Amino acid sequence: MTKRVLSQLVVSAASLSLTAAFAPSGLTNIAHLSSNNHLATRISAPLSSSANSDEVIDADIIALSTNPTLNLTPEGYGFSSPISRVMKESGKSGYYRAKSSESVVDVMGKIGKNEVALVFDEENDKELMGIFTDFDFIRLSTEQARARTEEESATFMAAPVSSFMTTADKLICVEPTSTASQAVAIMTNNNVRHTVLVDKCGPNFSFVPGTSVNGVVSMEALLRLIQSDNRLSYDKLSQKFPGLANKPIEQMREELKSQANALANNEETAKKDIIRVGTAILGAGSIALYATQSAWLSSHAELAMIAIFLLGYIGIIFEEVFEFNKAAVALLMSTGLWVTYADFYGESTGIASANVLEQLKEQLAEVSDICFFLLAASAIVEVVDAHQGFKVVTNLITTKSKKGLFWVIGFLTFFLSAILNNLTVTIVMVSLLRKLVPNDNDRRLFGAMVVVAANAGGVWTPIGDVTTTMLWINNNLSTIPTVTELFLPSLVCLVASLFFLVNNIEEDSSLAESTLPPPSPLAPRGQVVFWTGIASLLAVPVFAELTGLPPYLAMVSIFAAQR
């Protein structure tokens, strides 16, 4: 058998197609639609031992083999299966027969799993009035939810099912000779998951009154049969041609290996591998030194700590080159420094002394103060943003001049970063630029200006920047001198930067012609959250000055009050 024939067999057996083509190997199409849209089955037949492997059988219809194990697929394969076979395989009608006077609650209790209710006339039990499905129940539940009292709500479930069914004139039908592919297309196009099986459909698959109803076909039953057929066809194909079963999988695995080798065979990947191997060797050597209580470490502890610090900072600075996580590098550096200091520095005996443990607690307390402060501050800003509180400011921006907007955004970022913190304000303002500036190139320049303005604004208050916050919490600077002495230099830095950057802005009508949606009004609650948040943040330095307690206590209290 040629390679072309094998590949056609594999594709046909594995794919969900309308007709599964198995022709060149002596296996003709197992199912297809004839010109009159009725199913004409073409099924598999084994080649004789003397047949030429490249010979094509011309017969359109071949009878099923008397030996079921030799048949590649069941009669009526996959999507080409007739609906009659789908119903036979499911083993049930797919519906509960309900009377029009039955209540909704009674019908719901009698409907089986994955079934629907066909509603028939009370007097003429052969006249189909409609169908009650999960969509109808959702519609009923929606109306029930609008009820004002429990009594009114109960009337919905006690109402006759005919009040909420989909009427017969809206039903979609299929015939026993229709194929699974037709049924799937009909249900998909009409956005339904069930279709009624009748002897004869009307125009456009509509229901004709008086037609005999044979069952209800669900999308789930169709797809279950199609999936089963394709699995069966592949299994039978593997039995018929044992050497073929694993070849597609093996070929795919080899292709993946080749792709992986191709990706790895470049300078960038080689550089990364060298860095990782070098880092692993360095780490293993360091662990060995500590584990063996090396005498060199005891006599050169200061040099070791300097080396750890420098290596750590190199990893942080070049995190993008080395693809390291700088937070992880900082934590490892901290651990290495403390272990060296506690176990090898000075008169250490290899075990941390009580004095070292006390120093560690003090350092942890200082770091915790900063972390609690920043976490609470960020959470407060998130609460304000969640209530769209920043619209108090941004909704006032109405200018259509790009240069005018540039100055407005600059000064707005400058003062907001002084009250909040420059990192959070940068994120908020960049998000705002997406709604105000439609042009990508302009947005990049505006973004650069936001970073400059946020850094300038965060310097002149104790809570505007992480660095000044750390110094302030550790009592290395005071609130009033910081504001009075740094405000003017910060403002000069902002204005000079804006004068330089604004010359790169080209005025046009992009803001006036922008298709971005206009700003929506802010609810009163959002205004309350914004102003209380700003006032509370401004009160933090006052709290610290009056009480002498750590500022993070004020910050977490403000956050708790906002919640």
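Select from the stretch 438-463 the residues that are part of a helix (DSSP H, G or I), farther than 10 Å from Phe414 by Cα and not aliphatic (A, V, I, L, M) and list them in ascending order.
Those that are part of a helix (DSSP H, G or I), farther than 10 Å from Phe414 by Cα and not aliphatic (A, V, I, L, M): Asp440, Asn441, Asp442, Arg443, Arg444, Phe446, Gly447.
Go through (1) in contact with a Ser or Thr (Cβ under 9 Å, 6 or more places away or on another chain); (2) in a strand (DSSP E or B); (3) not charged (D, E, K, R) one by one and return the number of the condition Pro176 breaks.
All conditions pass for Pro176, except number (2).
Specify the residue that is most open to solvent (accessible area, probe 1.4 Å); the eligible residues are those in the stretch 382-392 that are touching a residue at least 24 places away in the same chain (Cβ under 8 Å) and either among the hydroxyl-bearing types (Ser, Thr, Tyr) or out of contact with any Gly (no Cβ under 6 Å at 6 or more places or on another chain) (or both). Can you show your working first?
Applying the first criterion (touching a residue at least 24 places away in the same chain (Cβ under 8 Å)) to the stretch 382-392 yields 383-385, 387-392.
So of that shortlist, the ones also either among the hydroxyl-bearing types (Ser, Thr, Tyr) or out of contact with any Gly (no Cβ under 6 Å at 6 or more places or on another chain) (or both) come out as 383, 385, 390-392.
Working: Val383: 14, Asp385: 73, Phe390: 20, Lys391: 37, Val392: 29 Å².
The extreme case among them is Asp385.
Give me the pairs: first residue in the stretch 467-492 and within 21 Å of Leu423 (Cα to Cα) and part of a helix (DSSP H, G or I), second residue open to solvent by 50 Å² or more (accessible area, probe 1.4 Å) and not hydroxyl-bearing (Ser, Thr, Tyr), beta-carbon distance under 6 Å, and six or more apart or on different chains, which are they?
From the stretch 467-492, the pairs are Leu486/Val459; Ser490/Val459.
State which residue is farthest from Ile505 (Cα to Cα) when the search covers only the stretch 351-410 and only residues that are outside any helix (DSSP H, G or I) and small (Gly, Ala, Ser).
Ser353
Can you say whether Leu297 is farther than 28 Å from Gln527 by Cα, at pLDDT below 80 and over 41 Å from the mean Cα position of the chain (by Cα), as far as the supplied structure shows? Full working, then the answer.
Working: farther than 28 Å from Gln527 by Cα: yes; at pLDDT below 80: yes; over 41 Å from the mean Cα position of the chain (by Cα): yes.
It is true that Leu297 is farther than 28 Å from Gln527 by Cα, at pLDDT below 80 and over 41 Å from the mean Cα position of the chain (by Cα).
Check the stretch 402-412 and report whether any residue there is buried (at least 20 other Cβ atoms within 10 Å of the Cβ) and without any contact (Cβ under 8 Å) to a residue 60 or more places away in the chain.
Yes, there is a match, as at least one residue in the stretch 402-412 is buried (at least 20 other Cβ atoms within 10 Å of the Cβ) and without any contact (Cβ under 8 Å) to a residue 60 or more places away in the chain.
Return yes or no: is Ser509 over 23 Å from Val393 (Cα atoms), hydroxyl-bearing (Ser, Thr, Tyr) and open to solvent by 20 Å² or more (accessible area, probe 1.4 Å)?
On the way: over 23 Å from Val393 (Cα atoms): yes; hydroxyl-bearing (Ser, Thr, Tyr): yes; open to solvent by 20 Å² or more (accessible area, probe 1.4 Å): yes.
So Ser509 passes the test.
Does any residue of the stretch 305-315 turn out to be more than 41 Å from the chain's Cα centre (by Cα) and open to solvent by 50 Å² or more (accessible area, probe 1.4 Å)? Break it down stepwise before answering.
Restricting attention to the stretch 305-315, the residues satisfying the condition of being more than 41 Å from the chain's Cα centre (by Cα) are 305-307.
So of that shortlist, the ones also open to solvent by 50 Å² or more (accessible area, probe 1.4 Å) come out as 306.
Yes, because at least one residue in the stretch 305-315 is more than 41 Å from the chain's Cα centre (by Cα) and open to solvent by 50 Å² or more (accessible area, probe 1.4 Å).
Of the numbered conditions (1) in a helix (DSSP H, G or I); (2) free of Cβ contacts under 8 Å to residues at least 24 places away in the same chain; (3) not β-branched (Val, Ile, Thr), Phe156 fails exactly one; give the number of that condition.
Result: Phe156 passes all but (2).
Looking at the stretch 363-381, can you tell me whether even one residue there is over 30 Å from Val428 (Cα atoms) and open to solvent by less than 80 Å² (accessible area, probe 1.4 Å)?
yes
Given the criteria under 20 Å from Ile274 (Cβ atoms) and modelled with pLDDT of 85 or more, does Ile308 qualify? It would help to see each step written out before you state the result.
Numbers: under 20 Å from Ile274 (Cβ atoms): no; modelled with pLDDT of 85 or more: yes.
In short, no.
From (1) open to solvent by 50 Å² or more (accessible area, probe 1.4 Å); (2) out of contact with any Gly (no Cβ under 8 Å at 6 or more places or on another chain); (3) closer than 30 Å to Tyr290 by Cβ, pick out the condition that doesn't hold for Leu332.
(2)
Just name the residue that is farthest from Thr482 (Cα to Cα) out of those in the stretch 445-454 that are surrounded by fewer than 22 Cβ atoms within 10 Å (Cβ to Cβ) and touching a residue at least 24 places away in the same chain (Cβ under 8 Å).
That would be Leu445.
Could you list, in sequence order, all residues of the stretch 334-350 that are touching a residue at least 24 places away in the same chain (Cβ under 8 Å), out of contact with any Phe, Trp or Tyr (no Cβ under 7 Å at 6 or more places or on another chain) and in a helix (DSSP H, G or I)?
Correct list: Gly336, Thr340, Tyr341, Asp343, Phe344.
Picking from Ser218, Ser228, Ser233, which residue would you name as being small (Gly, Ala, Ser), crowded, with 17+ Cβ neighbours inside 10 Å and at pLDDT below 80?
The conditions single out Ser233.
Filter the stretch 153-172 down to the residues that are among the β-branched types (Val, Ile, Thr) and over 38 Å from the mean Cα position of the chain (by Cα), then identify the one that is surrounded by the fewest Cβ atoms within 10 Å (Cβ to Cβ). Don't jump to the end; show me each part of the working.
Step one: of the stretch 153-172, the residues among the β-branched types (Val, Ile, Thr) are 155, 161, 166-167, 172.
Applying the additional criterion that residues be over 38 Å from the mean Cα position of the chain (by Cα) yields 155, 161, 167.
Working: Thr155: 11, Val161: 25, Thr167: 13.
Restricting to residues being among the β-branched types (Val, Ile, Thr) and over 38 Å from the mean Cα position of the chain (by Cα), the top hit is Thr155.
Could you tell me which residue of the stretch 137-152 is nearest to the chain's Cα centre (by Cα), considering only residues that are surrounded by fewer than 13 Cβ atoms within 10 Å (Cβ to Cβ) and not in a helix (DSSP H, G or I)?
Arg146
Condition check: closer than 22 Å to Lys272 by Cα, open to solvent by 70 Å² or more (accessible area, probe 1.4 Å) and of a type in the set (D, E, K, R). Does Glu320 satisfy that? Even if it seems obvious, please write down each step before you answer.
Values: closer than 22 Å to Lys272 by Cα: yes; open to solvent by 70 Å² or more (accessible area, probe 1.4 Å): yes; of a type in the set (D, E, K, R): yes.
It is true that Glu320 is closer than 22 Å to Lys272 by Cα, open to solvent by 70 Å² or more (accessible area, probe 1.4 Å) and of a type in the set (D, E, K, R).
Restricted to the stretch 117-130, and to residues that are touching a helix residue (DSSP H, G or I) at 6+ places or on another chain (Cβ under 8 Å) and farther than 24 Å from Ser153 by Cβ, which residue is least open to solvent (accessible area, probe 1.4 Å)? Full working, then the answer.
In the first step, residues of the stretch 117-130 are kept if they are touching a helix residue (DSSP H, G or I) at 6+ places or on another chain (Cβ under 8 Å); the result is 117, 119, 128-130.
Now drop any that are not farther than 24 Å from Ser153 by Cβ, which leaves 128-129.
Numbers: Leu128: 13, Met129: 54 Å².
For the stretch 117-130, the residue satisfying everything is Leu128.
The values are calculated or read from the model by the stated rules, or taken from the named source; none is laboratory data. Everything quoted here is computed from the prediction, not taken from an experiment. Here the Cβ is made from the backbone with ideal geometry for all residues, glycine too, and neighbour counts use every protein chain on show. Areas reflect the complete protein model, heavy atoms only, side chains present, ligands, DNA and RNA absent. Shrake-Rupley method; radii C 1.70, N 1.55, O 1.52, S 1.80 Å.
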